[in-house]
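First the structure, in the form of structure tokens, and then the observations on it.
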Amino acid sequence: MLRFRTRQDTDAREENKMKKECIRGMIRRITAGLTAAVLAVAGVVVPPAGIITSYAAPETTIPADPGVDWISYELKFLLDSNQVLDDNYQLKEEWKTAFGISGEPGEGEVMYLETEDRDFESEGWFNRLRRRSWKDNKPQLTYKKRYTVPDMDIAAALESAKADGLPDSAGIFEMEIDWGYKEMKLSFNVNLGQKKIGDISLPDITEEEARQLLQEKMPALEDDWKDTGWGTEAAGRVRKAGPLKYTRFEGTYIGKDVKLEIWPVKGADGDEDSYIVELSYESKTVSDAAAAKAAITEALDKEGILLHEDSLKTQRILDAWIPRK
């Protein structure tokens, strides 16, 4: 016989969950206190609990250097929002301390432009408008082409991109490797600033205005991706996915400069869907990126807050605003 969950069931589950979290917290503090006491007797200086000041990178497989000097690498780590955010979905003070955060967060705003059938995403293209307080709040329009990197073979992904007509040297495209927990993505970005697109307000721009802007500024490679004028035709059918506002902190973790972003993923009806908390680290070399990934992964695992999955942030935003049919 089916049994439906009642309010009393939910309250009981929440109460048990809180008790368990409280007990786990007490155990961690007691363990940390005993460890600190033992080490203090031995003459070892112990940092405050919850703060990892340094961490040696374990051995890791380093992807082959693609030999491209205009590529950058961004590591992305998805954190457990239930542990690092408080009841008001703000970053807990203990994690501000752990991640070396002292200042106020910056504010960002983003909007994706996609068709009902997700035509652009299906071809690996993503179109985005955004503003960021740490970039003087100036609007930016981005056209992005993304490739999955097979078996961390960056050179193979570059060859696929070259075969599609993307450049193998610096030009209008900026190239970046996004490296998550499981997957690595190669992205080619065209970023157009305020001088080229005007002073746009994301909340106020209409879908028709967004469509016209997307068509007027679209790179020829995206426009003619499948057929001549494919991109222009699809851009005439896009909907707005957003705008969404998010916060961004800057800090230091295990001796590395990191960013921490909190994204409330909401649907078009305004209901909150979930919160994405993402820690990131930027590097200019594949060897440094690989070493940092190993070290940060293991350190976050020791904290018990790392989710062993990729954030899929763009996909989740599109799913919330423009669900697949």
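Rule-based calculations on the coordinates, nothing more; no lab input. Not measured: the values here are computed from a predicted model. All Cβ positions, even for glycine, are placed from backbone atoms using ideal geometry, and neighbour counts span all protein chains on display.
Once label points are set 7 Å from the Cα along Cα→Cβ at both residue 72 and residue 207, what is their separation, rounded to one decimal in nm?
3.4
Once you have the Cα-Cα distance between residue 301 and residue 285, take 0.36 nm times their residue separation minus that, and quote the gain in nm to one decimal.
The residue 301-residue 285 span can extend by a further 3.4 nm.
Could you list 312, 78 in order of exposure, starting from the residue whose Cβ has the fewest other Cβ atoms within 10 Å?
Ascending Cβ contact count within 10 Å gives the list 312, 78.
Please list, by residue number, every one of the GluC sites (Glu not before Pro) in the stretch 60-109 that is coil in DSSP and has at most 12 other beta-carbon atoms within 10 Å.
Sparse-neighbourhood loop GluC sites (Glu not before Pro): none present.
Filter the cross-link list 217/293; 138/302; 76/96; 145/259; 217/259; 96/293 down to pairs whose alpha-carbon distance in this structure exceeds 28 Å.
Flagged as over cut-off: 217/293; 138/302; 217/259.
Sort 81-90, 152-161, 112-121 by the packing proxy (mean of other Cβ within 10 Å over each peptide's residues), most packed first.
112-121, 152-161, 81-90
Output wanted: per-residue J couplings in Hz (rounded whole) for the stretch 144-152, from phi through Karplus 6.51 cos²θ - 1.76 cosθ + 1.60, θ = phi - 60°, x for Gly and Pro.
Those phi angles translate into 10, 10, 10, 10, 6, 8, x, 6, 6 Hz.
By the scheme Lys and Arg +1, Asp and Glu -1, what is the net charge of all other residues having a beta-carbon under 12 Å from that of residue 261?
Net local charge, residue 261 excluded: +2.
Would you order 144, 162 from fewest to most other beta-carbon atoms within 10 Å of each residue's own beta-carbon?
In increasing order of surrounding Cβ atoms, one gets 162, 144.
Given the stretch 212-325, what percent of its DSSP beta bridges are antiparallel, to the nearest 5?
Roughly 100 percent of the DSSP beta bridges within the stretch 212-325 come out antiparallel.
Work through the residues other than residue 118 whose Cβ is under 12 Å from its Cβ and net out their charges, Lys, Arg +1 and Asp, Glu -1.
-3
At 0.36 nm per residue, minus the direct Cα-Cα distance, what do residue 148 and residue 164 gain on full extension? Give it in nm, one decimal, please.
Stretched out fully, the residue 148 to residue 164 stretch lengthens by 4.4 nm.
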